[in-house]
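Take a look at the structure set out below.
The values are calculated or read from the model by the stated rules, or taken from the named source; none is laboratory data. Just so we're clear, the structure is a prediction, and the values are computed from it rather than from any experiment. Here Cβ is always computed from backbone atoms with ideal geometry, including for glycine, and neighbour counts include all displayed protein chains. Each accessible area value is taken on the protein alone, full model and side chains, heavy atoms only, with ligands, DNA and RNA left out. Shrake-Rupley method; radii C 1.70, N 1.55, O 1.52, S 1.80 Å.
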Amino acid sequence: MRFKQIVRFNWPYYAAAAVAVAAALAIAPWLPAWWLRAVVYAGTAVVAMWLVASLVVSWLVYDRSRLMDWDWVLQALGFTPSAWINLHAGHDDSSLTLRQLFPGAHGRVFDIYDSAEMSEPSIAIARLHARRESRRGRPAAAAEPADYRHLPLPKGTIDAALLLLSAHELRSDEARSALFAELRRVLGPGGRIVVAEHLRDWANFLAYGPGFLHFHSRRTWLRCFSRHRFDVHREFSITPFVRIFVLRRLT
């Protein structure tokens with residue numbers, strides 16, 4: 001189950017939340033004022049709610065929706081590309097399925113991990129897990145390490161570029177701008193970019209609490225796309241928590 005991966009990659013956050021709830025419940029009865037006890041109990045209830053909500057939503061999104069089936073990618077593109085790239089930060093759940101979706105197409109998978117830009121503990125845990133799975137002989141698509149600022153591709157040679165739950169790991173505007181400048185360079189006429197992301201919005205706030213700050217807002221993404229002269233050709237949601245942008249290059 002992919003839900004188990006989510007828990008495995010983010011266990012420090014879940015553990016910290018559980019410890020905080022337990023500690024608050026232990027301390028609250030000994031507080032001298034009733035209103036202090038009320039504040040602690042209310043805060044504990046909110047943390048516990050977010051802890052449970054994040055687990056439930058993760059299960060719904062990653063195990064019960066069509067998101068991780070990836071068959072929607074072909075529908076989003078509207079055509080079968082002859083040359084495509086998939087960019088991730090070290091944990092790749094999609095490339096093997098993409099190769100089946102695009103038989104006969106030339107696909108390359110790039111690992112754009114940059115320790116200076118991607119400092120979240122969950123990424124380090126995910127990458128460690130991916131290496132362990134590889135050593136155990138679990139199937140995985142071969143990925144080429146690549147600098148997102150200088151992708152090893154000639155100009156205008158790609159029909160489709162896929163960023164499936166990975167682009168938000170570039171934390172700064174400058175890093176995201178560098179990536180999309182490169183994608184504009186390598187994307188051919190009529191090509192498409194598919195970006196799948198959680199957003200910094202109310203749905204994800206209710207699901208993940210302060211953890212929603214790890215995502216970027218829709219406005220931030222649209223500003224990034226526009227800066228590099230990409231038009232949103234299609235936009236839709238898979239569950240209320242994940243947004244899909246299909247981009248085309250403006251001339």
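List of remarks:
- Within this structure, Ala167 fails the test of being modelled with pLDDT under 65 and among the hydrophobic types (A, V, I, L, M, F, W, C).
- Hits in segment 181-215 (condition: under 18 Å from His168 (Cα atoms) and of a type in the set (Gly, Ala, Ser)): Ala181, Ala196, Ala203, Ala207, Gly209, Gly211
- Given (1) modelled with pLDDT of 95 or more; (2) open to solvent by 30 Å² or more (accessible area, probe 1.4 Å); (3) not in a helix (DSSP H, G or I), number of the condition Arg219 does not satisfy: (3)
- Test: residue in segment 169-178 that is assigned to a strand (DSSP E or B), touching a residue at least 24 places away in the same chain (Cβ under 8 Å) and of a type in the set (D, E, K, R): no
- Residues of segment 160-183 include at least one that is of a type in the set (Ser, Thr, Tyr), over 26 Å from Phe79 (Cα atoms) and surrounded by fewer than 23 Cβ atoms within 10 Å (Cβ to Cβ).
- In segment 126-159, the residue that is least open to solvent (accessible area, probe 1.4 Å) out of those that are assigned to a loop (DSSP other than H, G, I, E, B), at pLDDT below 95 and among the basic types (Lys, Arg) is Arg138.
- Across segment 5-56, the number of residues qualifying as in a loop (DSSP other than H, G, I, E, B) and either touching a Leu at 6+ places or on another chain (Cβ under 6 Å) or farther than 20 Å from Glu120 by Cα (or both) comes to 3.
- Contact map, segment 85-100: first residue outside any loop (DSSP other than H, G, I, E, B), second residue among the basic types (Lys, Arg), Cβ cut-off under 6 Å, separation 6 or more or different chains; pairs are Ile85/Arg108.
- For Ala48, the test of being crowded, with 16+ Cβ neighbours inside 10 Å and over 30 Å from Leu247 (Cβ atoms) is passed.
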